[in-house]
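Chemist: The structure that follows is given in the form of structure tokens.
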Amino acid sequence: MTLGTSEAAFWAKMRKGFERIKPLGSPIVMNRIESPGTGRGIPDVFLADPEYGACWIELKVVKHRKVNISPPQVHWLTQHATYGIRTRIVALILRDDSRIVRVWNGYGAEAVRLRGLAVGGPVPDINLSDKDAWPMVREALFFDVS
């Protein structure tokens, strides 16, 4: 599987994968929020799913064990999760022979910032070579844990 190693390439692959999923006959709407005018810490993607609702997603590409999340990102994710808004960190983990996706709840952003990949997600990691990878990522985004 060809997948670039940048956040932009991960976003493009994710968008394409989610475009094929049409729950309740309607598309999943995804908007990338990347502009100098947005506030500090605002996640990269807003996703609206006709079946499950809305979710804010901070995308990361991880080549080693550290997940580069800034303190303003941690603050935004945890504050909004506390208010009942679904927030997630979605990391593409680059391995020599595979591309793995891990999803964390925004509540755990500080632990992920400090401990990186040592922090497991609420659901098993997803290998993007699996034929049902993007539907599994979708489920992981809406798997509610505190």
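Laboratory data are not the source of any read-out in this text; all were calculated from the coordinates shown. In this text, all values refer to a predicted model and were calculated from it rather than measured experimentally. Every residue, glycine as well, gets a Cβ built from its backbone with ideal geometry; the counts of neighbours run over all protein chains shown.
Chemist: Would you order His64, His75, His80 from fewest to most other beta-carbon atoms within 10 Å of each residue's own beta-carbon?
Modeler: Lowest count first: His64, His75, His80.
Chemist: In whole percent, what relative contact order does the chain give with Cα contacts below 8 Å and a gap of six or more residues?
Modeler: 19 percent
Chemist: Among Leu114, Leu141, Leu77, Leu94, what is the fewest-to-most ranking by other Cβ atoms within 10 Å?
Modeler: Placing the least packed residue first, the sequence is Leu114, Leu94, Leu141, Leu77.
Chemist: Quick one: dipole size for region 7-141, taken about the Cα centre, charges +1 on Lys/Arg Cβ and -1 on Asp/Glu Cβ, in debye to the nearest 20.
Modeler: Once rounded to the nearest 20, the dipole reads 260 debye.
Chemist: Less than 19 Å apart at the alpha-carbon level, and either on another chain or at least 8 residues along: which lysines does that give for Lys13?
Modeler: Hits, sequence-local ones excluded: Lys22, Lys60, Lys63, Lys131.
Chemist: Right, next: With n ≥ 4 as the cut-off for DSSP H runs, can you work out [θ] at 222 nm for the chain, using -39500 (n - 2.57) per run divided by the number of residues, rounded to the nearest 500?
Modeler: -8500 deg cm²/dmol
Chemist: Test of understanding: ordering Leu92, Leu117 by Cβ neighbours within 10 Å, fewest first, what list do you get?
Modeler: Fewest-to-most Cβ neighbours within 10 Å comes out as Leu117, Leu92.
Chemist: Still on this structure, please answer the following. Multiplying the sequence separation of Arg65 and Asn31 by 0.36 nm and subtracting their Cα-Cα distance, what value in nm do you get?
Modeler: This chain segment gains 9.5 nm when fully extended.
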